[in-house]
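The values are calculated or read from the model by the stated rules, or taken from the named source; none is laboratory data. Keep in mind the model is a prediction, meaning the values are calculated, not measured. With ideal geometry, Cβ positions are generated from the backbone for all residues, glycine too; neighbour counts draw on all protein chains shown.
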Amino acid sequence: MNLAEKIKELRVDREWTQTQLAIKAGLGQEGRNYINALENGRISRPSAEKLVKIAKAFDVDDDVLFEAAGIKKVSKPNTEVDNFYIWLKGKEPSKRDLKKIMELAEVLLRENE
C-alpha cells in the first residue's frame, strides 16, 4: 500500500474529513490542500515533519507512514547514512542542520571517488 492509500485508509477508518485530519495534525485549515495532494499522489517527496504530525494525529507509529512513502526504516543504525536518517527524521533542517548535511555529503562523495 502506498502513502496515498495508507493516509486515506487511516482517515476514512476514523470517519474524518481531510480538513479534520489537517487540523488534528496541526497543519491548520490550509493543511487540507496538503492532505488532498498526498491522498491524490501529487506530492512525490512528502515533508518528514508533516508525516510525523499526521502519524501522531492518527496515533500510529510514524514508521507506518514512512514505510508507505518508501522511506527506509532503520532499526539499528550501522552507517553514517542510517545515523543521518535518524537525526533528520521528523525535523525541518535549520541552517546549522543544512551545514551538517553538506559536510556529510562531501564526506560521502569523497569516499565514493
> Any residue in the range 89-105 that is surrounded by 17 or more Cβ atoms within 10 Å (Cβ to Cβ) and at pLDDT 65 or above?
Replying inline: no
> From the list Ala48, Ala25, Ala55, which residue is surrounded by 18 or more Cβ atoms within 10 Å (Cβ to Cβ), touching a helix residue (DSSP H, G or I) at 6+ places or on another chain (Cβ under 8 Å) and free of Cβ contacts under 8 Å to residues at least 12 places away in the same chain?
Replying inline: Ala55
>> Consider the range 1-22. How many of its residues are within 16 Å of the chain's Cα centre (by Cα) and either surrounded by 12 or more Cβ atoms within 10 Å (Cβ to Cβ) or acidic (Asp, Glu) (or both)?
In response: 9
